[in-house]
Amino acid sequence: MAQPPGLLFSKDHEWVKLDGDVATIGITDYAQHSLGDIVYVELPRVGATLQQFAAIGVVESVKAVSDIFTPLGGDVLEINAAVESDASLVNREPFGGGWFYKLKLADDAEKNNLMSGADYDKLIAEG
Amino acid sequence: MDGEPLRRTALFDVHRALGARIVPFGGFEMPVQYAGILAEHDAVRKRAGLFDLSHMAQFELRGADVAAWADELTVNHVATMKPLQARYNIFTNAAGGAHDDVIFYRLAGRWLLIVNAGNADKMWAYLQAACRGHVALTDLRGETALLAVQGPRSAEVLAPLVEADIAALKYYTCVETKAGGAAAIVARTGYTGEDGFEVFLAADAAQGLWDALLADHRDVLAPCGLGARDVLRLEAGMPLYGHELTEEITPLQAGLGWAVKFGKPAFTGKAALEAQAVDGDYPRIAGIVLDGRVPARAGYRVLRNGAAAGEIRSGSIAPSVGNKSIATALVDAASAVAGTRLGVEVRGTEYPATTVPLPFYKRG
């Protein structure tokens, strides 16, 4: 189950796509599958300043509430309104249309706390 | 149940082979979902779903005094039941709270009593202690299975495998027959708000019937887990013990007054329930629909004009109610009046909601 190329991953099952100092963030296919049918997503506000690995929102399936832990710190530039109105988009396109938010990276060195797709594959294989 | 190993139904390996996600429930390892809760919900509302409910305990009652004895322990009539009739009932405590909600099935020369899995040990001890006169109790746990076929196409799916003509069965009646070649009781009962059947049979016959049903009707019939069952029953306004009904929440509070027969000469908790009915001003279960999509979960606070009004007891997104966020709440009497504007506190923020009549969903 190889991960899409060019992404970084957190142990909390978030992915990051970096474009300069702008990070796009979502949850992995493994995470959406584990959660089951996703019915609600609560995202941070545009302009909010997030600390790396802080709980900054929630994703809810039919049965459970899970925190979203931001894999990087920074200021929120944009949120994906589409997943707020149709949360099932996260199940259907976790790496695409189901992205959560974009932020302006606070500290480039925080990337070093994340892992590659290959390492993330190992993490989920270990369960 | 704490500390005791989880039990498995006769179909555990079948569930795993079907890719079910297994969770602990009522002391058992049970499938919560196969393909997905929403897909399974959709199957039951539009076609048919197959459930393993073998975790629910089956007790057999025999003897000349069963009806009179049970009438003194429960709120609904037992003695008036005719053979091959099924009836919903509630065992109450002295304060009118519920020990359990159950279904009695009156058969030829015996009764079948179905109790909730989570209450099974408690109920077995309670019934044994209360046993007197010509009443003989047999614990069928471990020997028996229960499969449910629920949904508008249930009869079409199940009838070819059952000897008796189940299409002619009336709601809340049953027949002793053969299903999948094995001795079975087939009842037109369920917990989904749809037409459907429940099949009681020996544990070692369960897989034969399960496999035959799916082999013949895989396009129509979806295996369904307890996750879909919970959404279906909530939409249909049916109580779940531990949520809408507890040792502290009485049948009157749960909106089950229709099942409380004050005309019976005596039953446990009757005086307390009569006093509650006369008083009238008691907290009760109400249906709530939130304005927005945020799910309301059990335990969330319910507010009215900013003051505490009660708490959420069950909640879900409801595919059959326009994908709205619905819930039951135990609230004060004034807040339970349909049309009342309420708030539900979710992670420190109050979300607006309205009290609505139950059920949320009624089949067309």
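Quick rundown of the values:
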quantity: Residue list for the stretch B:23-40, restricted to those being crowded, with 18+ Cβ neighbours inside 10 Å and within 9 Å of chain A (Cβ to nearest Cβ); calculated: B:Val32, B:Gln33, B:Gly36, B:Ile37, B:Leu38
quantity: Whichever residue in the stretch A:11-32 is among the small types (Gly, Ala, Ser) and either in a strand (DSSP E or B) or within 16 Å of A:Lys102 (Cα to Cα) (or both) and, among such residues, is modelled with the lowest pLDDT; calculated: A:Gly20
quantity: Enumeration of residues in the stretch B:165-193 that are over 20 Å from the mean Cα position of the chain (by Cα) and assigned to a strand (DSSP E or B); calculated: B:Val175, B:Glu176, B:Thr177, B:Lys178, B:Ala179, B:Ala182, B:Ala183, B:Ala184
quantity: Residues that are more than 15 Å from A:Asp108 (Cα to Cα), aliphatic (A, V, I, L, M) and away from chain B (no Cβ under 14 Å), drawn from the stretch A:70-87; calculated: A:Val76, A:Leu77, A:Ile79
quantity: Residues that are surrounded by fewer than 19 Cβ atoms within 10 Å (Cβ to Cβ) and either within 14 Å of chain A (Cβ to nearest Cβ) or touching a Cys at 6+ places or on another chain (Cβ under 9 Å) (or both), drawn from the stretch B:276-292; calculated: B:Asp291, B:Gly292
quantity: Criterion: surrounded by fewer than 20 Cβ atoms within 10 Å (Cβ to Cβ) and under 26 Å from B:Ala94 (Cβ atoms) - qualifying residue of B:Gly181, B:Gly242; calculated: B:Gly242
quantity: Test: residue in the stretch B:95-105 that is of a type in the set (A, V, I, L, M), assigned to a strand (DSSP E or B), out of contact with any Phe, Trp or Tyr (no Cβ under 7 Å at 6 or more places or on another chain) and under 23 Å from B:Ala10 (Cβ atoms); calculated: no
quantity: Some residue of the stretch A:91-108 being within 14 Å of chain B (Cβ to nearest Cβ), assigned to a loop (DSSP other than H, G, I, E, B) and not hydroxyl-bearing (Ser, Thr, Tyr); calculated: no
quantity: Those residues of the stretch A:33-62 which are of a type in the set (Val, Ile, Thr) and either in a loop (DSSP other than H, G, I, E, B) or closer than 14 Å to B:Ile37 by Cβ (or both), in sequence order; calculated: A:Ile38, A:Val39, A:Val46, A:Val62
quantity: Residue tally, condition more than 11 Å from chain A (Cβ to nearest Cβ), closer than 25 Å to A:Leu43 by Cα and within 20 Å of the chain's Cα centre (by Cα), over the stretch B:299-320; calculated: 2
quantity: Lone unmet requirement of (1) at pLDDT 95 or above; (2) within 13 Å of chain B (Cβ to nearest Cβ) for A:Asp121; calculated: (2)
quantity: Pair list, Cβ under 6 Å, 6 or more apart: the stretch A:109-122 residue without any contact (Cβ under 8 Å) to a residue 60 or more places away in the chain, other residue surrounded by 16 or more Cβ atoms within 10 Å (Cβ to Cβ) and polar (S, T, N, Q); calculated: A:Glu110/A:Gln52
quantity: Test: residue in the stretch B:330-347 that is within 14 Å of chain A (Cβ to nearest Cβ), under 28 Å from A:Glu84 (Cα atoms) and in contact with a Ser or Thr (Cβ under 6 Å, 6 or more places away or on another chain); calculated: no
quantity: Condition broken by B:Pro152, with the remaining ones in (1) touching a helix residue (DSSP H, G or I) at 6+ places or on another chain (Cβ under 8 Å); (2) buried (at least 21 other Cβ atoms within 10 Å of the Cβ); (3) in a loop (DSSP other than H, G, I, E, B); (4) not basic (Lys, Arg) satisfied; calculated: (2)
quantity: Filter result (surrounded by fewer than 22 Cβ atoms within 10 Å (Cβ to Cβ) and in a helix (DSSP H, G or I)) within the stretch A:63-84; calculated: A:Ala81, A:Ala82, A:Glu84
quantity: Count - residues of the stretch A:16-36 that are facing chain B (nearest Cβ under 10 Å) and crowded, with 23+ Cβ neighbours inside 10 Å; calculated: 0
quantity: Candidates B:Arg233, B:Arg229, filtered to the one that is surrounded by 16 or more Cβ atoms within 10 Å (Cβ to Cβ) and under 16 Å from B:Asp101 (Cα atoms); calculated: B:Arg233
quantity: Test: residue in the stretch B:54-67 that is more than 14 Å from chain A (Cβ to nearest Cβ), surrounded by fewer than 18 Cβ atoms within 10 Å (Cβ to Cβ) and among the hydroxyl-bearing types (Ser, Thr, Tyr); calculated: no
quantity: Output for the stretch A:7-37, where each listed residue is touching a Pro at 6+ places or on another chain (Cβ under 6 Å) and charged (D, E, K, R); calculated: A:Glu14, A:Asp29
quantity: Test result for B:Phe51, away from every other protein chain (no Cβ under 14 Å) and within 22 Å of A:Ser34 (Cβ to Cβ); calculated: no
quantity: Residue check, B:Ile326 within 14 Å of chain A (Cβ to nearest Cβ) and surrounded by 18 or more Cβ atoms within 10 Å (Cβ to Cβ); calculated: yes
quantity: Qualifying strands (runs of 3 or more DSSP E) (wholly inside the stretch B:38-92; at least 2 residues being of a type in the set (A, V, I, L, M, F, W, C) and more than 15 Å from B:Arg229 (Cα to Cα)); calculated: B:57-62, B:86-92
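The values are calculated or read from the model by the stated rules, or taken from the named source; none is laboratory data. Being a predicted model, the structure only gives us computed values, none of them experimental. With ideal geometry, Cβ positions are generated from the backbone for all residues, glycine too; neighbour counts draw on all protein chains shown.
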